[in-house]
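Only one structure is covered here, and it is reproduced in the block below.
All of the numbers you see were taken from the coordinates with simple rules; none came from a lab. Keep in mind that what you see is a predicted model, and the values were worked out from it rather than measured. Here the Cβ positions follow ideal geometry from the backbone for every residue, glycine too, while neighbour counts run over all protein chains shown.
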Ligand code: ATP
């Protein structure tokens with residue numbers, strides 16, 4: 001595998017310098033595991049979400065979107081099992097007072113050779129003692145026993161904080177799709193199999209260090225639940241594995257940097273589960289999950305809500321609770337993978353290095369930058385900008401040498417630089433410079449809109 005230029009340090013620095021991602025609450029000294037998207041980053045993230053929605057809703061037969069509330073009736077989380085079992089095994093270092101996940105300590109210590117998912121808490125404690133796994137922060141060996149700690153953020157509804165008012169920030173978007181199963185089915189008149197998709201915020205009180213936006217306490221999920229009849233679930237599980245993988249390679253990911261990882265330990269309700277892992281600078285880790293959740297979710301919601309969630313099959317009037325194939329990917333985690341995959345440092349002929357984000361043009365914050373060669377050409381350049389900005393996200397820059405302006409656009413991944421020069425005054429043509437090859441062509445300014453539309457579609 002070819003050596004890659006990207007490191008997490010370089011990426012964090014580039015993101016901060018170029019307005020992609022800033023540390024959260026920075027002027028107050030920050031807040032662990034939170035990040036704010038800047039002017040360039042918000043465009044990139046919106047484009048990632050748009051590409052996903054286009055693929056899994058707009059272009060998908062029989063898939064429909066929802067945007068459910070973040071705050072849900074607390075019974076939802078009882079039905080889903082989150083109030084009782086959404087927890088991680090935590091250990092505190094008594095010396096330096098940092099908190100760690102026992103499973104992560106074992107995975108790191110064994111370099112991935114031991115799978116903590118298959119261990120009970122007592123077995124994890126025994127492994128840590130036997131192998132003298134020390135605190136990664138201070139190097140001491142002085143642990144508390146494992147404690148479980150629910151990852152859901154609690155808040156309260158109303159003016160008193162009595163326990164009956166306790167509500168949660170949703171830890172996943174999936175339940176919003178499950179509780180709306182019949183609403184969507186009835187209003188769209190969809191027949192099983194059909195899908196419900198959602199993009200939205202989720203919150204988890206994660207305590208482990210984050211690796212930039214890999215693991216944060218507030219993040220966005222893009223989830224698609226495919227409701228199908230029992231017996232067809234195996235075939236759809238395989239189909240969603242293929243579709244999830246193809247979405248990534250179509251976005252420009254090298255298949256060498258992606259791999260499937262089957263779960264060794266399945267949740268009690270799951271029939272099959274796997275992740276697609278990506279080769280991040282810190283190693284292989286989860287990018288998205290695909291799960292065959294059987295009829296567990298809808299059965300539980302039927303039981304806890306007391307409302308029938310049976311689907312009536314119009315072909316034979318049979319009634320059943322559909323099975324669910326879930327495909328779930330974090331928008332922020334995908335953004336991190338997209339940035340890692342796109343990051344490149346290229347040595348040019350004169351020995352100079354250029355940093356470039358080589359992502360799919362559809363993902364780029366700006367499809368083009370409009371650059372007058374000299375300030376005197378600003379009126380013509382601005383006129384082109386005025387026209388193009390009605391259709392595309394484009395930017396305008398007249399400050400500095402043309403070479404410096406090209407580099408700035410390369411660093412944020414703008415696929416095309418449109419230069420307005422003195423020939424533009426003569427014959428109405430401009431140069432279009434392509435980011436990756438740096439090749440330039442000359443086209444009529446009138447053809448720019450068609451050119452960008454053809455080259456930036458996902
Ligand atoms: P992990 O094992 O990394 O904690 P998970 O298996 O708990 O993830 P799921 O509950 O399956 O993750 O969530 C689906 C997707 O949501 C993940 O594949 C990931 O892309 C994203 N995701 C989950 N937790 C976080 C987080 N704390 N920060 C950012 N993205 C997250």
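How much FRET efficiency would the formula 1/(1 + (r/R0)^6) give for residue 122 and residue 260, where r is the Cβ-Cβ distance and R0 is 41 Å, rounded to 0.05? In this case the efficiency is close to 0.85. Annotation for residue 354 and residue 246: the two label points, set 7 Å from Cα along the Cα-Cβ direction, are 3.4 nm apart. Annotation: extensible slack from residue 131 through residue 238 equals 34.6 nm (criterion: 0.36 nm per residue apart, minus Cα-Cα distance). Across the chain, the mean sequence separation of Cα contacts (distance under 8 Å, 6 or more residues apart), normalised by length, yields a relative contact order of 14 percent.
Computed over the stretch 366-455, the alpha-carbon pair-distance distribution with 5 angstrom bins reads 3, 15, 30, 28, 19, 5, 0, each value a whole percent. Helix 233-250 and the longest principal axis of the Cα set of the chain meet at an angle near 30°. Counting every pair of alpha carbons in the stretch 35-143, the share spaced more than 23 Å apart comes to 59 percent. Computed over the stretch 127-246, the P(r) curve from all C-alpha pair distances, binned at 5 Å from the origin, holds 2, 8, 11, 13, 14, 13, 12, 11, 9, 5, 2, 1, 0 percent per bin.
Across the stretch 214-326, the convex hull enclosing all Cα atoms gives 147 Å³ per residue.
Placing a label point 7 Å from the Cα of residue 208 along the Cα-to-Cβ line, the residues of the stretch 276-296 whose backbone N sits under 20 Å from it are 276-291.
For the stretch 366-455, averaging the sequence separation of C-alpha pairs within contact (under 8 Å, six or more residues apart) and dividing by the residue count gives a relative contact order of 29 percent. Under the simplified labelling scheme, the residue 305-residue 159 pair shows an inter-label distance of 3.2 nm, with each label point 7 Å from Cα along Cα→Cβ. Extension gain, residue 46-residue 437: 0.36 nm per intervening residue step, less the Cα-Cα distance, totals 138.2 nm. Computed from Cα atoms, the angle from the helix 378-388 axis to the main principal axis of the chain rounds to 40 degrees.
On the basis of the beta-carbon distance and an R0 of 35 Å, residue 73 and residue 393 show a calculated FRET efficiency of 0.35.
State the Kirkwood hydrodynamic radius of the stretch 87-150 in Å, one decimal place, computed from all pairs of distinct Cα atoms.
This gives a value of 11.6 Å.
Counting beta carbons within 10 Å around each of 394, 457 and listing the fewest first gives the order 457, 394. Taking 7 Å steps out from each Cα toward its Cβ at residue 458 and residue 312 produces label points 4.0 nm apart. Roughly what percent of Cα-Cα pairs across the chain reach past 37 Å? Cα-Cα pairs in the chain separated by more than 37 Å: 37 percent. At q = 0.18 Å⁻¹, what log₁₀ I(q)/I(0) does a Debye calculation on the Cα points of the stretch 301-416 give, no solvent, two decimals? Calculated log10 I(q)/I(0) at the listed q: -1.01. If the Kirkwood radius is taken over C-alpha pairs of the stretch 190-270, then at 4 °C and 1.567 mPa s the Stokes-Einstein diffusion coefficient equals 83 µm²/s. If you line up the long axis of helix 121-130 against the longest principal axis of the chain, both from Cα atoms, how many degrees apart are they, to the nearest 10? Orientation of helix 121-130: about 70 degrees from the principal axis. On the basis of the beta-carbon distance and an R0 of 30 Å, residue 141 and residue 115 show a calculated FRET efficiency of 0.85.
Neighbour counts of C-beta atoms inside 10 Å place 199, 370 in the sequence 199, 370, starting with the fewest.
Cβ-to-Cβ counts within 10 Å put 206, 78 in ascending order as 78, 206, the fewest first. Helices in the chain, meaning DSSP H runs of at least 4 residues, each add -39500 (n - 2.57). Divided by all residues, the mean residue ellipticity at 222 nm is -9000 deg cm²/dmol.
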